[in-house]
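The values are calculated or read from the model by the stated rules, or taken from the named source; none is laboratory data. Small disclaimer: the values here were computed from a predicted structure and weren't measured. As a convention, Cβ positions derive from the backbone with ideal geometry for all residues, glycine included, and neighbour counts pool all protein chains shown. Only protein heavy atoms, including side chains, enter the accessible area calculation; ligands, DNA and RNA are left aside. Shrake-Rupley method; radii C 1.70, N 1.55, O 1.52, S 1.80 Å.
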Amino acid sequence: MKERVEIINGDITRQEVDAIVNAANRSLLGGGGVDGAIHRVAGPELLEETRKIGGCPTGEARVSRGYRLPARWVIHAVGPVWKGGNYSEDRLLASCYANSLKAAVEIGAKTVAFPSISTGAYRFPLERAARIALEETKRFLEGDTFIRKVIFVCFSQKALEIYKRVFEEVFSS
Ligand code: AR6
């Protein structure tokens, strides 16, 4: 189980995996942060495709092609905006991971890279988000044999340290 998960520091747009996950918003029309970076590298065809999808509710995920990205697919997940913790933020964030991994299996993606959904513009506390991401991934992989590798791409040294520590806690229990 543990060997199917990797934590790295890097830029998700450069990952040579079958699918990368985008931290999108409900419009799926692009934005800042990792969403902006993915659209810039993928090229305008990505927006053309996500426009046709027509949006996505919080906690769910939709699939598009990756166009000029090294990844063949982009799984657009919509994380919750952090509002203090009493608005189902934890459950909605967990759903993003479960639904993204489910979508990966459906499109035949064996290697999947995630950013830290909701922890930028949406202000979800990083350690809490890392624990949810890793617990939900562990739960999913326990019931799945198809996915070979899930990579968590951290965008700062601080995020990397938090993810690595939480990974040890979650995956050794
Ligand atoms: N690779 C990996 N991680 C990244 C990258 C990158 N290239 N760029 C940023 N991050 P955010 P959210 C990290 O704000 O909080 C957008 O405008 C970043 O350090 O991208 O889910 C959307 O359109 C942070 O830890 O996403 C939505 O409107 C994490 O990615 C809204 O922001 C997520 O930060 C979504 O907000």
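Within the range 109-149, the set of residues being of a type in the set (D, E, K, R), more than 14 Å from LEU92 (Cα to Cα) and away from the ligand (no atom under 16 Å from the Cβ) comprises LYS110, LYS138, ARG139, GLU142, ASP144, ARG148, LYS149.
In the range 80-94 there is at least one residue matching the filter, namely being within 14 Å of the ligand (Cβ to nearest atom), in contact with a Phe, Trp or Tyr (Cβ under 9 Å, 6 or more places away or on another chain) and open to solvent by 10 Å² or more (accessible area, probe 1.4 Å). Scanning the range 119-129 for residues being in a loop (DSSP other than H, G, I, E, B) and open to solvent by less than 10 Å² (accessible area, probe 1.4 Å) gives a total of 1. If we scan the range 96-116, do we find a residue that is open to solvent by 20 Å² or more (accessible area, probe 1.4 Å) and under 20 Å from GLY31 (Cα atoms)? For the range 96-116, residues open to solvent by 20 Å² or more (accessible area, probe 1.4 Å) and under 20 Å from GLY31 (Cα atoms): present. Scanning the range 1-47 for residues that are open to solvent by 60 Å² or more (accessible area, probe 1.4 Å) and not in a helix (DSSP H, G or I) yields a count of 6. Taking GLU60 as the residue in question, decide whether it is among the charged types (D, E, K, R) and within 14 Å of the chain's Cα centre (by Cα). Spelling it out, GLU60 is indeed among the charged types (D, E, K, R) and within 14 Å of the chain's Cα centre (by Cα).
Restricting the first member to the range 116-134 and to residues that are within 11 Å of TRP82 (Cβ to Cβ), and the second to residues that are open to solvent by less than 10 Å² (accessible area, probe 1.4 Å) and more than 10 Å from the ligand (Cβ to nearest atom), the beta-carbon pairs closer than 8 Å and six or more apart or on different chains are SER118/GLU89; PHE124/GLU89.
Which residue pairs have Cβ atoms under 6 Å apart, sit 6 or more places apart or on different chains, and have a first residue in the range 10-38 that is more than 7 Å from the ligand (Cβ to nearest atom) and a second that is in a helix (DSSP H, G or I)? That search, which allows pairs on different chains as well, returns ALA19/ALA104; ILE20/ILE12; VAL21/SER100; ASN22/ASP35; ASN22/ILE38; LEU28/THR50; LEU28/ILE53; ILE38/THR13.
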